[in-house]
Amino acid sequence: MSAASPTTLPPRPFKVLLLLILVSLSTWFLWGELDYALTRDRTGEPVFRTWALIVHLTFATPLLLLPPLQFSRRFRLRWPLWHRRLGRAYLVASLIAGSLAIYLGLTFDLVGRRVPVVLFATLWVAFSAAAWWCARHRAFAAHERFVVRSYTIAVAFVIVRVMGQAEDVMFPFMPDPQLRGVTREWLCFVLPLLAVEAWYTWWPALRTPRPRAADARL
Ligand code: HEM
């Protein structure tokens, strides 16, 4: 069998469209958030926390913009060395941004959001470490899946803000803004991770043809 070439790969329009939407939304929300983070009044904030926030956002920002390149099969086949270099940079940045997110979560002013943030920041670090481990052991299919899970957690940055814009439509039965905030914080991680696991595991399990009774007896 001949090796796949970048020009003969079958198109995957759904994947391209999804990545395009995610990168456009990421750019939009990053624009506003970075401006707010750099200009807001930090009186009363402990210096260590300010630095943790700055390092967190410095390493987290490229994580939303790099994946379309890394997930492109054409880029991977044409420039494997650059795929490896950028992949290493991506995973190191995720480990740093995720570890700091655990600390930021533990010290979050909005106490109701501490549990989901710490839980999913820990998963973020674990998925990134697992992706690196699988790549080192040349388990590339598992590597790709762990990178997707790590990116899915990073994308919560966007999903939570999209939900913030739509919360009157989503939660008309929940007038309390605190309760809405906590619900959004859980949903922005849980929903995309459920979708990823459904795509990888549940849907293929449902589609696997069951052995017919006659075959099973053989
Ligand atoms: C890769 C996507 C991400 C980007 C671009 C990003 C960026 C930012 C920015 C701009 C801030 C505000 C900094 C400030 O106000 O000075 C922030 C704060 C924070 N981020 Fe992230 N972040 C990302 C992902 C995450 C994830 C996945 C988590 C948790 C699992 C997380 C946890 C936090 C926490 C806890 C804070 C502090 C909130 C506060 O105290 O107001 N971030 N991040």
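The values are calculated or read from the model by the stated rules, or taken from the named source; none is laboratory data. These numbers were taken from a predicted model, which means no experiment stands behind them. Cβ coordinates were reconstructed from backbone atoms using ideal geometry, including for glycine residues, and neighbour counts include every protein chain displayed.
Brief remarks follow.
- Candidate set from region 44-74 (those that are near the ligand (Cβ under 9 Å from one of its atoms) and among the small types (G, A, S)); member that is surrounded by the fewest Cβ atoms within 10 Å (Cβ to Cβ): A52
- Residues that are modelled with pLDDT under 90, in contact with a Phe, Trp or Tyr (Cβ under 6 Å, 6 or more places away or on another chain) and within 24 Å of A156 (Cα to Cα) are absent from region 5-20 altogether.
- Filter result (within 12 Å of the ligand (Cβ to nearest atom) and touching a Ser or Thr at 6+ places or on another chain (Cβ under 7 Å)) within region 75-122: S94, G98, I102
- Pairing residues of region 39-63 that are among the aromatic types (F, W, Y) with residues that are more than 8 Å from the ligand (Cβ to nearest atom), at Cβ distances under 7 Å and at least 6 apart in sequence or on separate chains, gives F59/A93; F59/I96.
- Test for L100: is it among the aliphatic types (A, V, I, L, M) and surrounded by 19 or more Cβ atoms within 10 Å (Cβ to Cβ): yes
- Residue within region 143-164 that is in contact with a Lys or Arg (Cβ under 6 Å, 6 or more places away or on another chain), farther than 23 Å from L63 by Cβ and aliphatic (A, V, I, L, M) present: no
- The single condition from (1) surrounded by fewer than 16 Cβ atoms within 10 Å (Cβ to Cβ); (2) in contact with a Leu (Cβ under 8 Å, 6 or more places away or on another chain) that W133 fails is (2).
- E185, sole failed condition from (1) within 22 Å of T61 (Cα to Cα); (2) at pLDDT 95 or above; (3) away from the ligand (no atom under 16 Å from the Cβ); (4) of a type in the set (D, E, K, R): (3)
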